[in-house]
Amino acid sequence: MTVRRATSEDVARLTRLAQLEHARSQFNTDRFDPTVAARNFETCATGAMSAVFISNTGLGFIAGFVQPGLYNGRMTAHELAWYSEDGSGLALLDAFTVWSQRMRATRVVVANFAGIKDAPKFTRVLNRKGFAFLGNTFSKSLNQ
């Protein structure tokens, strides 16, 4: 499976794929706004401190950004969204990790945030890729 850096021309495809991800996620009761998603993908794909990677089939993507750590200034890469329907998930993660290294990040943070993947299996796979478990994430709806 091959992946490449997404461009502005991929935004419509990324938005459709994100809508599929959203429908399968634990956030599926929240409204999905394709205009907002498209704007955010455009910004992330063209930003100096962010990137989006897409699989060659167009059925997988990962998006994220780097920023300095609050306490030490070292760059940390954060995954914002990661989804695939074509088995490209680990190739996307590898591309994001390589990009993170090029951006001088000293840490990559990814999550099963949307709750689509089975948590124990997700943890095992990421452990094999050299990722360590990092705390817990909680969510509270504010009904806005």
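Read-outs throughout are calculated quantities, based only on the coordinates presented, and are distinct from any laboratory measurement. Every value quoted in this text rests on a predicted model; they were computed, and no experiment measured them. Cβ coordinates were reconstructed from backbone atoms using ideal geometry, including for glycine residues, and neighbour counts include every protein chain displayed.
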note = When the charge dipole of the chain is computed with +1 on Lys and Arg Cβ and -1 on Asp and Glu Cβ about the Cα centre, the Cα farthest towards its positive end, among 49, 90, 126, belongs to 126
note = Restricting to lysines and to Cα separations under 28 Å from residue 140, and discarding same-chain partners fewer than 8 apart, the set is 117, 121
remark   = Counted neighbours (other Cβ, 10 Å), sorted fewest up, put 121, 140 in the order 140, 121
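What is the sum of charges, Lys and Arg at +1 and Asp and Glu at -1, for the other residues whose Cβ falls under 15 Å from the Cβ of residue 26? Could you put the intermediate results ahead of the total?
Values: positive: 24, 31, 117, 140; negative: 21, 30, 118.
So the environment of residue 26 carries a net charge of +1.
When the Kirkwood radius is taken over all Cα pairs of the chain, what Stokes-Einstein diffusion coefficient follows at 37 °C and 0.692 mPa s, in µm²/s? Mind dumping the intermediate values first?
Values: Rh = 15.8 Å.
Stokes-Einstein gives a translational diffusion coefficient of 208 µm²/s.
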